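The structure appears below as structure tokens.
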Amino acid sequence: MTQKLDVLLLKAKDLIASGELNDADGILGSLKSEYPLSQDVARLWCSLAMRTDRTADVPAYAAEIYAHVQGDFHKAHWAHVLGTASFLLLDLPAAHTHFACALDHLMALAKTGKIPPQRKQPKTQQPDENVFASGKAEKLLWTTCAELAAMGIAAFPFAGTLLGLVRNGCLLDFDKDLDIAVWMESWDACCSALEKAGWARSPMRIEYSNYRDYVHPELGITLDVCGLQDNGDHRIIGGFSLPGHAAEYQRVSVFPPFDLVQRGTECGEVWFPRQPEKILTAFYGDWRTPNPHWDTVISALNLENFTLLVRCYAYHRLVQRWLLGDLAKAWCYAHQIALKDPDDVLALRSRQWLERAITRLGREIPVWPRNQRQQRVYTRMVADLFHEGHVNFLRAARALGTHLTVCVVSDERVIENKGKLPVMKQVERAAVVAACKYVDAVMTDTPASVTKEFMQQHGFDIYTFACASEQEKLDKYKLCETLPARMIQELEYTAGISTSDLVTRILEGVGSKKADFKG
């Protein structure tokens, strides 16, 4: 009997994998009647039902299985199934209750010193080539945006796609989809144009009015389209919208006003945010620091409220990861919930039990980067014959903020300013400065003048320098004369040591004998 059941279940799985859902449903329907309390049958049947518009049939069956099974692990699994089905049916209070029940079972399991066996999530067939690393995904992005722009639709890179383009100069090679945004006034026209261009709309389990998924038929790349609304109240609204539902059923993300400009690409003219940093800072806070645990739906810093909808997303993913034995990822979700709602006792207790389990297994608890806005400091220097004065200056400059970027000026610029070449070449000077513990980043090619546009482009908050003379002070203030006073910070110059002094010492010491020391 068991062998027959295993054969039929395997056949049903193969049919589902090949997209033959009706045939799989026929097999599973018969098995459900013959083995009504089999977890294996119920698990596959419920999964298929939630993919084929029969989610409403799941709760009653899942509740029957939940009542029948023994042990906290199995109870947690079926409470999660109940929560997922209720979530898709938009019965969010019920979903929250079931997810909380699943967490109670998982914590009870943890108290006994047990954890779910770690299982890898099933992976879809991956192409041999990483289309994001190869540049194909980026070309598809610009082609799509250019085609939409030619039709008068201002679609532009957004979310993780924008992050990669601005932070890395290219798409993130570990990304899974393309993200674009469009004004809601052009929403219908944009979606229609994408479908006419061959993009296939992906069915979404919850249909939002301002968010839609498409798949490219040839490359298999997913395109997420986000609708934004400028309400004219100095706020741009995005997120997930469910018209006709209460506020707790919405996910509202708020951005400061921003403008779009056109820029040329090899695929044609496209639209791009004039100040992408505004969008990225609203989303991520410190967007320059990578966070591999980030979940845009839950982690976004610009959520207007941590609504029941967002909480259900977070609970669903927390329980799912815990059931899979992925304790580190589960901890990250518990931590994110606690960041959003420090009074969520269930999340705090879950995080605590996960930490105990992770520690007991000898693993490291994940590090969640601080996403607070950084105070980024910028300075320019020659740094020839790097000495104590340079160290003192860099220490003081770093103390002005949380991040220090140093431009080591070129040999040609030194000649222009001082009339002579430095002793060390730029590449040598840059290497020494980069090795200083107070320096976070080094640049070697920047404009001579420090403008507000340059500072905003790189996210710098403060420009700092030190002056050895009144003339040098006049010259340096002239280079940043367009900056507001709040962005300029002059530091004290270290007297008694300079590169010129070192050069003099070296020249005077050439050919001399070592002094005799008595000790």
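The values are calculated or read from the model by the stated rules, or taken from the named source; none is laboratory data. Bear in mind that the values here come from a model prediction, so they are computed numbers and not experimental data. Note: ideal-geometry Cβ built from the backbone for every residue, glycine included; neighbour counts use all protein chains shown. For accessibility, only protein heavy atoms count, side chains too; no ligands or nucleic acids. Shrake-Rupley method; radii C 1.70, N 1.55, O 1.52, S 1.80 Å.
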Practice prompt. Give the range 9-21 a look and list any residue that's in a helix (DSSP H, G or I) and either polar (S, T, N, Q) or open to solvent by less than 50 Å² (accessible area, probe 1.4 Å) (or both), or say none.
Written response: Leu9, Ala12, Leu15, Ile16, Leu21
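Here is a list: Arg235, Arg288. Which entry is surrounded by fewer than 17 Cβ atoms within 10 Å (Cβ to Cβ) and basic (Lys, Arg)?
None of the others qualify; the one that does is Arg235.
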Item to complete: Go through (1) small (Gly, Ala, Ser); (2) open to solvent by less than 10 Å² (accessible area, probe 1.4 Å); (3) more than 20 Å from the chain's Cα centre (by Cα); (4) at negative phi one by one and return the number of the condition Ala300 breaks.
Response: (3)
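Here are some residues: Phe87, Phe132. Which one is on the phi < 0 side of the Ramachandran plot, in contact with a Leu (Cβ under 6 Å, 6 or more places away or on another chain) and either in contact (Cβ under 8 Å) with a residue 40 or more places away in the chain or assigned to a loop (DSSP other than H, G, I, E, B) (or both)?
The conditions single out Phe132.
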Worksheet item: Somewhere in the range 358-370, is a residue out of contact with any Leu (no Cβ under 7 Å at 6 or more places or on another chain), of a type in the set (A, V, I, L, M, F, W, C) and buried (at least 19 other Cβ atoms within 10 Å of the Cβ)?
Response: no
Worksheet item: When both residues are 6+ apart or on different chains and their Cβ atoms are under 8 Å apart, which pairs have a first residue that lies in the range 156-172 and is more than 19 Å from His458 (Cβ to Cβ), and a second that is of a type in the set (Gly, Ala, Ser) and open to solvent by 10 Å² or more (accessible area, probe 1.4 Å)?
Response: Leu172/Gly160
Worksheet item: Can you tell me which of Arg486, Arg505 is assigned to a helix (DSSP H, G or I), more than 30 Å from Gln275 (Cβ to Cβ) and without any contact (Cβ under 8 Å) to a residue 24 or more places away in the chain?
Response: Arg505
Worksheet item: Quick one: what pairs do we get from the range 338-358, first residue in a loop (DSSP other than H, G, I, E, B), second among the small types (Gly, Ala, Ser), C-beta under 7 Å, 6+ apart or different chains?
Response: Asp344/Ala338
Practice prompt. Name the single residue, out of those in the range 489-502 being assigned to a loop (DSSP other than H, G, I, E, B), open to solvent by 40 Å² or more (accessible area, probe 1.4 Å) and modelled with pLDDT under 85, that is farthest from Arg380 (Cα to Cα).
Written response: Gly496
Discussion item. Which of the numbered conditions does Asp384 fail, given that it passes all the others? Conditions: (1) part of a helix (DSSP H, G or I); (2) at pLDDT below 95; (3) crowded, with 19+ Cβ neighbours inside 10 Å.
Written reply: (1)
Item to complete: Taking Arg251 as the residue in question, decide whether it is modelled with pLDDT of 95 or more, open to solvent by 40 Å² or more (accessible area, probe 1.4 Å) and basic (Lys, Arg).
Response: no
Discussion item. Looking at Leu171 and the list (1) in contact with a strand residue (DSSP E or B) (Cβ under 6 Å, 6 or more places away or on another chain); (2) surrounded by 21 or more Cβ atoms within 10 Å (Cβ to Cβ); (3) farther than 27 Å from Arg51 by Cβ, which single condition is not satisfied?
Written reply: (1)
Worksheet entry | Complete set of residues in the range 441-473 that are closer than 11 Å to Leu404 by Cβ and either part of a strand (DSSP E or B) or out of contact with any Lys or Arg (no Cβ under 8 Å at 6 or more places or on another chain) (or both) | Ala441, Val442, Ile462, Thr464
Worksheet item: For the range 387-417, which residues satisfy the criterion of being open to solvent by 30 Å² or more (accessible area, probe 1.4 Å), over 21 Å from Asp501 (Cβ atoms) and of a type in the set (A, V, I, L, M, F, W, C)?
Response: Ala399, Leu400
Worksheet item: Does any residue of the range 28-49 turn out to be without any contact (Cβ under 8 Å) to a residue 40 or more places away in the chain, more than 24 Å from Ser202 (Cβ to Cβ), of a type in the set (Phe, Trp, Tyr) and open to solvent by less than 70 Å² (accessible area, probe 1.4 Å)?
Response: yes
Fill in: Hits in the range 435-454 - residues which are in contact with a Leu (Cβ under 6 Å, 6 or more places away or on another chain) and under 18 Å from Asn392 (Cβ atoms)
Cys436, Tyr438, Val439, Asp440
Worksheet item: Here is a list of conditions, (1) within 26 Å of Leu5 (Cβ to Cβ); (2) assigned to a helix (DSSP H, G or I); (3) open to solvent by less than 40 Å² (accessible area, probe 1.4 Å), and Pro116 meets all of them except one; can you say which number that is?
Response: (2)
Item to complete: Would you point out the residue of the range 137-168, among those that are of a type in the set (A, V, I, L, M, F, W, C) and not in a helix (DSSP H, G or I), that is surrounded by the fewest Cβ atoms within 10 Å (Cβ to Cβ)?
Response: Met151
Worksheet item: In the range 306-337, what residues are open to solvent by 30 Å² or more (accessible area, probe 1.4 Å) and part of a loop (DSSP other than H, G, I, E, B)?
Response: Phe306, Asp326
Fill in: Residues of the range 94-106 satisfying the condition of being within 17 Å of Ala334 (Cα to Cα), of a type in the set (A, V, I, L, M) and over 29 Å from the mean Cα position of the chain (by Cα)
none
Practice prompt. From Lys420, Lys452, Lys437, Lys425, grab the single residue that is closer than 19 Å to Arg376 by Cβ, open to solvent by 80 Å² or more (accessible area, probe 1.4 Å) and basic (Lys, Arg).
Written response: Lys437
Fill in: Scope the range 202-232; condition modelled with pLDDT under 95, surrounded by 14 or more Cβ atoms within 10 Å (Cβ to Cβ) and charged (D, E, K, R); matching residues
Asp230
